[in-house]
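Scroll down for the structure; my scribbles are underneath it.
The values are calculated or read from the model by the stated rules, or taken from the named source; none is laboratory data. Source: prediction; values computed, not measured. Neighbour counts run over all protein chains shown; Cβ positions are idealised from the backbone, glycine included. In case anyone asks, the SASA skips ligands and DNA or RNA and just uses the protein heavy atoms, side chains included. Shrake-Rupley method; radii C 1.70, N 1.55, O 1.52, S 1.80 Å.
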Amino acid sequence: ASSRLARAAWQAAQRTRDRLDDRDRALLTAFTPYLSATVDPPGFQKAMDAAFDDYDDDEFRFWRAYAHLLNDDHEGARAIATGGDPTFLMNAWIEGSAALFAGDEEAGIAALSRCAAAAPSSTKCLQELVGLHLRQGRCAEMEKTARELISRAPDDAEPERFLAYALAAEDVPLP
């Protein structure tokens, strides 16, 4: 559903592109390979790299790092995200995710934990940590992180599912 909404927003922006400023037009153009009918991840990466030459800010940095992550360039994504403003939390999310994909679990956990601590309303970084704990079979850590995620997103059913997985793996009776 979210990719459908993103494409609809992109199409609406395309219809009004002449009313956008140069920066937003550049971002819209760079997204074309990613949100068109046939997704082109290498084209998206190339377009974001080119756009970043003209617009070196944290929004472009995030999307550039994301494009590299989509193309399995984990170290490139990590380097791009690390070079950004540490208070722009999406950079920490990309940095942590890329580090995990690259096999640097310690750096991934540090970046995602920094993100989660800095943004109490954010859930993206906690979701990544829950997934990491699930993949690593660390049930107690998964339980703790899932409980934190539930407290931050009480209307989201997915953290409840993660908590159930953790409790079942720990042989804790479900409530």
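The residue that is nearest to the chain's Cα centre (by Cα), among those in the range 55-74 that are open to solvent by 20 Å² or more (accessible area, probe 1.4 Å), farther than 24 Å from Ala118 by Cα and not polar (S, T, N, Q), is Leu70. Mind checking whether some residue in the range 136-154 is under 30 Å from Arg64 (Cβ atoms), open to solvent by 50 Å² or more (accessible area, probe 1.4 Å), among the polar types (S, T, N, Q) and out of contact with any Ser or Thr (no Cβ under 9 Å at 6 or more places or on another chain)? Within the range 136-154, one or more residues are under 30 Å from Arg64 (Cβ atoms), open to solvent by 50 Å² or more (accessible area, probe 1.4 Å), among the polar types (S, T, N, Q) and out of contact with any Ser or Thr (no Cβ under 9 Å at 6 or more places or on another chain).
For the criterion of being among the hydroxyl-bearing types (Ser, Thr, Tyr), closer than 22 Å to Leu129 by Cβ and not in a helix (DSSP H, G or I), Thr38 fails. Scanning the range 10-42 for residues that are surrounded by fewer than 16 Cβ atoms within 10 Å (Cβ to Cβ), modelled with pLDDT of 90 or more and within 15 Å of Asn71 (Cα to Cα) yields Asp40, Pro41, Pro42. Scanning for something over 26 Å from Asp56 (Cα atoms), out of contact with any strand residue (DSSP E or B) (no Cβ under 6 Å at 6 or more places or on another chain), surrounded by 20 or more Cβ atoms within 10 Å (Cβ to Cβ) and not basic (Lys, Arg), does the range 113-127 turn up at least one residue? Yes, there is a match, as at least one residue in the range 113-127 is over 26 Å from Asp56 (Cα atoms), out of contact with any strand residue (DSSP E or B) (no Cβ under 6 Å at 6 or more places or on another chain), surrounded by 20 or more Cβ atoms within 10 Å (Cβ to Cβ) and not basic (Lys, Arg). Within the range 43-54, the set of residues being open to solvent by less than 60 Å² (accessible area, probe 1.4 Å) and of a type outside the set (A, V, I, L, M) comprises Gly43, Phe44, Gln45, Asp49, Phe52. Quick check: anything in the range 90-100 under 30 Å from Asp53 (Cβ atoms) and of a type in the set (Ser, Thr, Tyr)? Yes, because at least one residue in the range 90-100 is under 30 Å from Asp53 (Cβ atoms) and of a type in the set (Ser, Thr, Tyr).
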